[in-house]
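The values are calculated or read from the model by the stated rules, or taken from the named source; none is laboratory data. From a predicted model like this one, the values you see are computed outputs, not experimental measurements. Neighbour counts are summed over all protein chains in view; Cβ atoms, including those assigned to glycine, are modelled from backbone coordinates with ideal geometry. With ligands, DNA and RNA removed, areas are computed over all heavy atoms of the protein, side chains included. Shrake-Rupley method; radii C 1.70, N 1.55, O 1.52, S 1.80 Å.
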Amino acid sequence: MTICLSGCAPFTENNLIEEISPVTFLAISKGDTGKLKVSTILPPLSKEKKFVMSQEVSLLKEGVQKYNLNFYQEMKSGQMRMLVISDELGRDGIMSIINVLLTDPDISPRIYLVIVKGNFDEYLESQLDKDENFDYSFYRMLKHYEEKNQGELTVVNLHQFKNLLYTPYSDPFLPVFKIEEDGVNYEGTALFKDDKLVETISSLDDRIFQLINNDHYLVVLPIQKFEIVLGHVRSKVIVDFDSSYSTMTYTVNMDTRIEEYRGEKQLFDPKELENMKKDIETHLEKQTHELFKKMQELKVDPLQIGIQTKRPFSKPMEEKKWIELFEKMDIKIQYNINIDPLRDANSKRQNF
């Protein structure tokens, strides 16, 4: 009775460092007959020879239990840093997995969520002899781009995904990596409708998505059509609707400079530079319009444009109504680009 009234549990968990094995990541994919295949590297934080352990389970927590029954140390999830989800599983829906993570007090809401195309288990097996700390290197890369906010790639943690999933006027998105012969390479951004992956955008579409969604900054923006690379790109987005929400004007004001050019125009000439600027504006307007058209067809709003419909002292529009309007909306894209003229970068340096 005294124990119950004091709020203390009648037992304590074993957390002796010598007897536990902290899980640093889990990789989840589709198993046979509706099951989940859960994989990780063991032992994660030890100098012993590492190996990939996989279990096919019906429930995610069952996988951790099976690890404990097949490994001499007890598995703990308090140090988990990444959850790697196969794209096939993503298309089926990941709501149950997200809810399990959210209700586990040992798992940090800052763990990174990643979609992977290809057989991640086989890739892990092939990497153990080359780089035993591959999982840690992967985590450090995600952490670097999250902290620098450079827009080079999409980085989403559990807390952010949960907010996008359950907040009105928004749809989640996650980074997509593809397993290739030379390693795991960033491919683009996965767009979700509720908890299901519906589309992956890559190349210039993904760069545009980063520019208008991720702190409005890119270190570089390559545009292969004009053989040019823009650098230190900053943008400011302005969204306007007409009174009936049948038309939206999406204006992107952009400041940048030319980092590299391999074409034939003489960009030191102000007229040639102005012509190049107009060509880039037209190209980005067309490409951005195609990206919005794709979102309309998928009925997703990862840019949270619907929030712009909120007005003071008026009842918010229902999310279902917003999606219906967005699907049929006439969208006009306008880019206003300010490009610094080309000049010798070394001319500003003082001679010592």
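Here are some notes:
- Residue count for segment 211-224, restricted to those that are touching a Leu at 6+ places or on another chain (Cβ under 6 Å), open to solvent by less than 20 Å² (accessible area, probe 1.4 Å) and assigned to a helix (DSSP H, G or I): 1
- Qualifying residue in segment 180-187 (condition: in contact (Cβ under 8 Å) with a residue 40 or more places away in the chain, over 30 Å from LYS315 (Cα atoms), of a type outside the set (A, V, I, L, M, F, W, C) and not in a loop (DSSP other than H, G, I, E, B)): yes
- Taking the conditions (1) touching a residue at least 12 places away in the same chain (Cβ under 8 Å); (2) in contact with a strand residue (DSSP E or B) (Cβ under 8 Å, 6 or more places away or on another chain); (3) not small (Gly, Ala, Ser) in turn, ASP240 satisfies each one other than (1).
- Here segment 277-292 is the region considered, the condition is being farther than 15 Å from SER235 by Cβ and either at pLDDT below 95 or charged (D, E, K, R) (or both), and the residue that is most open to solvent (accessible area, probe 1.4 Å) is LYS286.
- The listed residues are MET254, MET295, and the only one of them that is under 24 Å from the mean Cα position of the chain (by Cα), closer than 16 Å to TYR335 by Cα and among the aliphatic types (A, V, I, L, M) turns out to be MET254.
- Each residue in segment 110-163 was checked for being aliphatic (A, V, I, L, M), in contact with a Leu (Cβ under 8 Å, 6 or more places away or on another chain) and open to solvent by less than 20 Å² (accessible area, probe 1.4 Å), and 6 pass.
- Positions within segment 24-33 being open to solvent by less than 80 Å² (accessible area, probe 1.4 Å) and either without any contact (Cβ under 8 Å) to a residue 24 or more places away in the chain or over 16 Å from GLY118 (Cβ atoms) (or both), in sequence order: THR24, PHE25, LEU26, GLY31
- Conditions (1) free of Cβ contacts under 8 Å to residues at least 24 places away in the same chain; (2) in contact with a helix residue (DSSP H, G or I) (Cβ under 7 Å, 6 or more places away or on another chain); number of the one not met by GLU152: (1)
- Restricting attention to segment 321-337, the residues that are open to solvent by 80 Å² or more (accessible area, probe 1.4 Å) and part of a strand (DSSP E or B) total 2.
- Test: residue in segment 304-313 that is touching a helix residue (DSSP H, G or I) at 6+ places or on another chain (Cβ under 9 Å), surrounded by 15 or more Cβ atoms within 10 Å (Cβ to Cβ) and within 19 Å of ASP194 (Cβ to Cβ): yes
- Of the residues making up segment 240-249, those that are assigned to a strand (DSSP E or B) and either under 15 Å from GLN304 (Cβ atoms) or of a type in the set (D, E, K, R) (or both) are ASP240, PHE241, MET248.
- From VAL252, VAL233, VAL237, residue being in a strand (DSSP E or B) and open to solvent by 30 Å² or more (accessible area, probe 1.4 Å): VAL237
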